Amino acid sequence: MEVVILNKKIGKCHICQKESELTYEHIPPYKAFNWDAAKSIEGDEVMKLITDDNRMPWELEGLKYKSKQRGMGMYSLCSNCNNLTGTYYGTEYIKFAHTIAKLFPEIIEKCKKNQTNITGIEIKGMKPLLFAKQVLSMFCSICPNITQQDQHVKDLLLNKEITGLNPKKYKLSMFLLNQYKIGYNGIQAQYVGGFGVRVIATIDAYPFGFVLEFDPKDNFANPELDITNFFNEYEDKEYNMHFGLPVLERNNIFSCDYRTKEEIKKCVEDNKNILED
């Protein structure tokens, strides 16, 4: 809960959980392509995207929105935690984001040539632990109770030397997002037919997309790359990383829906035909 006092937002910091003045946390960091004013579609306006039969999920014209002049984000962290995560982890995240963005034309061309959506990435001098901690801190901003319920996650973020994230409790995955898009969905439950329920939170942050799964189950076949093991690396050590990353689209407000616009249109038409029969 936040209280506004003389233009100050007072509430619990989403990382240290101390009652304090909250500062604006950019999600993703400001220098990671999050410097433009953003339009945030929330609440009842989101329902219009779901229930309006004449509107495709990417057609936002006419919907009311909250203008975020400072870029996408929220008042979620105290100044100490905001400065700590930005200083310790944000720089590594920004460096990786800009490296991928420069490579993106080549990545897209290679995927088209090879008729695949998986691209091999080789990054030299990367500190995966710091990158993963920045991503986890972003999830704490949109999911305010993570560190309240898990002391280890709190310690992990507040101490740059602590490593390890329990894979039985969390699974952090990522992919490359093939269009400019920034947005996030907090904790939600998704029913996957034949497999059960997934509890997840998601962040779209060009050029990346991220999924944090709670109490992950092995029976879900997900297209994203599991990077939970990034938390096992050493803070001060640079690594030459080589991994395959999927390049996916996000044209729907529903998390983990990677269908193309053509696939969504076909699904809509098929459903209409079924209802008419």
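Quick note: the coordinates plus some simple rules give every number you see, no bench work behind them. Predicted model only: the values in this text are computed from it and were never measured. Because the Cβ atoms are built from the backbone with ideal geometry, glycine has one as well, and the counts that use them run over all protein chains shown.
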Spin-label pair Phe254/Ala189, simplified geometry with 7 Å Cα→Cβ offset, distance in nm: 1.7
Near-label residues of segment 145-180 by backbone N, under 20 Å of a point 7 Å along Cα→Cβ of Asp215: 145-154, 165-173
Directionally averaged shadow of segment 110-179, computed from the convex hull of its alpha-carbon atoms, nm²: 6.7
Full-extension gain in nm, Met56 to Glu19, via 0.36 nm per residue minus C-alpha separation: 9.1 nm
Computed over the chain, Cα set: Rg, Dmax in Å: 19.2, 63
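For the chain, what is the mean residue ellipticity at 222 nm derived from helices alone (per DSSP H run of n ≥ 4: -39500 (n - 2.57); sum divided by total residues; nearest 500 deg cm²/dmol)?
Values: 7 runs with 82 residues, N = 277.
That comes out to -9000 deg cm²/dmol.
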Value of D in µm² per second that Stokes-Einstein yields for segment 132-250, Kirkwood Rh from Cα pairs, at 4 °C (1.567 mPa s): 86
Violating pairs (Cα-Cα greater than 19 angstrom) within the set Lys168/Lys217; Lys95/Lys133; Lys31/Lys66: Lys31/Lys66
Restricting segment 183-277 to trypsin sites (Lys or Arg not before Pro) in coil, as DSSP defines it, with at most 14 other Cβ within 10 Å: Lys217, Lys237
Area projected by the alpha carbon convex hull of segment 157-199, averaged over all directions, nm²: 5.4
Hits among lysines - C-alpha to C-alpha of Lys265 under 19 Å, sequence gap 8 or more where chains match: Lys48
Percent breakdown of C-alpha pair distances by 5 Å bin, ordered from the shortest bin, for segment 59-148: 3, 10, 15, 16, 14, 15, 14, 9, 3, 0
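With r defined as the distance between the Cβ atoms of Phe243 and Asn159 and R0 fixed at 35 Å, what FRET efficiency is calculated, to the nearest 0.05? Display every interim value, and only then the final one.
Details: r = 26 Å, r/R0 = 0.76.
Using R0 = 35 Å, I get an efficiency of 0.85.
Within a Cβ distance under 10 Å of Asp215, other residues only, what is the Lys/Arg minus Asp/Glu net charge? Mind showing how you got there, number by number?
Working: positive: Lys168, Lys169, Lys171, Arg198, Lys217; negative: Glu213.
Neighbourhood net charge equals +4.
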